[in-house]
Amino acid sequence: MTYGPFALREGVTAPRRSPPAGSDRTLLLECRLEQLRGALDEARAEADQARIRLAEAAAREAGETQRLGVLQDEVARARAEVAALHRRLEHSEALRAKLQGHLFESDGRDDAHELVRLRREVAAAHERIAASEQTASQLRARVDELVASRETLLTRVVEWQRAVRDGDTEAVDLAEFIGSLRRAVLDLERDNALGERRETALREQLEQATAPSAVPPPPSPVPPPPSAVPPPPSLADDLVAALAAAQNPQDQVELLLRLGRRGGDDAFYAVRPWATAEDPNVRAAAYQSLGRLLERDPARLEPHIRWGIADSNPHVRRRVVLAAAAARGIALRPLLEPLSGDPDPQVRRIVHRILRSTSQDPQRTEAGIVQRAS
């Protein structure tokens, strides 16, 4: 058997040449050699793996070393920050001690006065805030009430306008009645202002007349007049004169209503002729004023009611019926039952309501009947 140079390089000596009789031993040696070669290859493979693991361990150690360096840098920065915080804390402690020294060195009396003043200001501010909150709550409640009233009024105005557009005679009559009430309120305010001015003038004249004079007047055989101050002109006389001079029917209506509110016999005699005027609005105002003037005198009012319910205009008849309902002590059923078949539906409706009210409540009040009728 021949051994090549590889076997010599591996350190395996060439066997001695043996005689052919030892061929079995040679075979055993060759097998043993093959086993040794396999083990050598496995050892080499394990050495390669060990070198790979060693390289990986070295790489991991390098990474751990790098992370350790980063952590050391962070620790150094943290230590620097802690040192800076310590320095700032020492500086703050020094400032606090300095401020406490200034506080203890200041005058305690002035500080006490300043503290009392500040507390008083705070208490006053709290009181103002409480008062403002209470006022604000009251104002909010009032605003809510006004908004609710406004919504109610707007709703009623819209309904009334819709009824007027639809031609409802009751709504038209209500509009006229509201307009007359507004004018009556304005007239009352004007009369009130005039009355206040006249009262002021009379008081001044009375003070001048009763003031003691410095020089007593000489005795006179002729007695003085009972009143040296002339009486002021009556407002009813002015209204009567204005009514006699008025040419516009609207002005005549306003003056008639004012005379009805003013009262007096002179107003009655001034209003009565206008019950036969050509304009139905003037006649209606005259009957309304007569009802106001004679509401406590049913005997004198009844003939005018009979004349008014026989008027040809339904608007006049409606005003006469309402005036009769507002009067006191007048027998309504014999007067108004003939109007149950009136051609005007509005007159019939008012008459039916008044008669039903009088039948249900004999002890009626004029205000309740008028309210239910209108």
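The values are calculated or read from the model by the stated rules, or taken from the named source; none is laboratory data. Every value quoted in this text rests on a predicted model; they were computed, and no experiment measured them. All Cβ positions, glycine included, derive from the backbone under ideal geometry; neighbour counts span all protein chains shown. Side chains included, ligands, DNA and RNA excluded: accessible areas come from the protein's heavy atoms. Shrake-Rupley method; radii C 1.70, N 1.55, O 1.52, S 1.80 Å.
Rolling a 1.4 angstrom probe over the protein heavy atoms with all chains in place gives segment 262-350 an accessible area of 45 Å² per residue. Using r as the Cβ-Cβ distance of residue 141 and residue 238, and R0 as 51 Å, what FRET efficiency do you calculate, to the nearest 0.05? So, using R0 = 51 Å, E works out to roughly 0.65. Of the residues 178, 354, the one with the largest accessible area comes first in the ranking 178, 354, computed with a 1.4 Å probe on protein heavy atoms.
The spacing between segment 317-331 and segment 70-96, judged by their C-alpha centroids, is 104 Å.
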